[in-house]
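> Here it is: the structure, laid out below.
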């Protein structure tokens, strides 16, 4: 069942890279009392994700936050080391929280997993963006396969 507007975000644990190594991030804490834009990409360092999706959110982070968003978070079914390296390579600084969903458990809990085994990527998360207010989804923008339209930073910004 795919998460929809009006529904509460499921509880789960993601990971982020810190100077001390991988650190658990409780989704309950991530969303509690905050307005969060969570966007997901099929994979770190992949073409559309690296050339358009993440850079768009880095470029528009200040404008998004000016609309009352406390946190912008990028999630992918990758490990925390890869997400940390991708964040550094993409110069996200403190604009974007890079979240690893290493086993795809959170993507599955959202009903937004996708099977990319046919192209050698295994089970991944779909490309999407969610606007979450205090743990409740206000808007859900899920891309059709191979599309990059409604989850872009520009589109999300237009809906805030």
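Each reported figure results from applying straightforward, stated rules to the coordinates on display, with no laboratory input. Here the structure is a predicted model, which means the values were calculated and not measured. Cβ atoms come from the backbone with ideal geometry, glycine included; neighbour counts cover every protein chain shown.
> Where the centroid of each part is defined by its Cα atoms, how far is the range 106-160 from the range 13-81 in Å?
Taking the Cα centre of the range 13-81 as reference, the centre of the range 106-160 is 12 Å away.
> How much length would be gained if the chain were fully extended between residue 45 and residue 117, taking 0.36 nm per residue of separation minus their Cα-Cα distance, in nm to one decimal?
Contour length minus the Cα-Cα distance gives 24.2 nm.
> If one computes P(r) from the Cα atoms of the chain, what percent of pairs lie at distances over 19 Å?
Working: 6105 of 12720 pairs.
Roughly 48 percent, rounded to a whole number.
> Please state the shape class of the range 68-117: rounded when a/c is under 1.5, otherwise prolate if a/b exceeds b/c and oblate if not, all from the C-alpha gyration tensor.
oblate
> While we're on this one: Pick out which of 87, 125, 21 has the largest mean-square fluctuation in a Gaussian network model of the chain, springs linking Cα atoms closer than 10 Å.
For the chain, modelled as a Gaussian network with Cα springs under 10 Å, the answer is 21.
> Over the range 13-159, what is the relative contact order in whole percent, taking alpha-carbon pairs under 8 Å and six or more residues apart? Walk me through the numbers on the way to the answer.
Working: 282 pairs, mean separation 43.0, N = 147.
Reported relative contact order: 29 percent.
> Take the chain, connect every pair of alpha-carbon atoms lying under 10 Å apart with a spring to form a Gaussian network, then pick out the residue of 108, 95, 146 with the largest mean-square fluctuation.
Of 108, 95, 146, the most mobile in the Gaussian network model is 146.
> Sort 1-7, 96-102, 35-41 for me by packing, meaning the mean count of neighbouring Cβ atoms within 10 Å per residue, highest on top.
Going by the mean number of other Cβ atoms within 10 Å, highest first, we get 35-41, 96-102, 1-7.
> Would you compute the Debye intensity of the range 3-93 from its alpha-carbon atoms alone, equal scatterers and no solvent, and pass along log10 I(q)/I(0) at q = 0.12, 0.23 Å⁻¹ to two decimals?
-0.39, -1.39
> Report Rg(Cα)/(2.2 N^0.38 Å) for the range 1-49, keeping two decimals.
It is 1.38.
> Where the convex hull is taken over the Cα atoms of the range 29-73, what is its projected area averaged over directions, in nm²?
3.4 nm²
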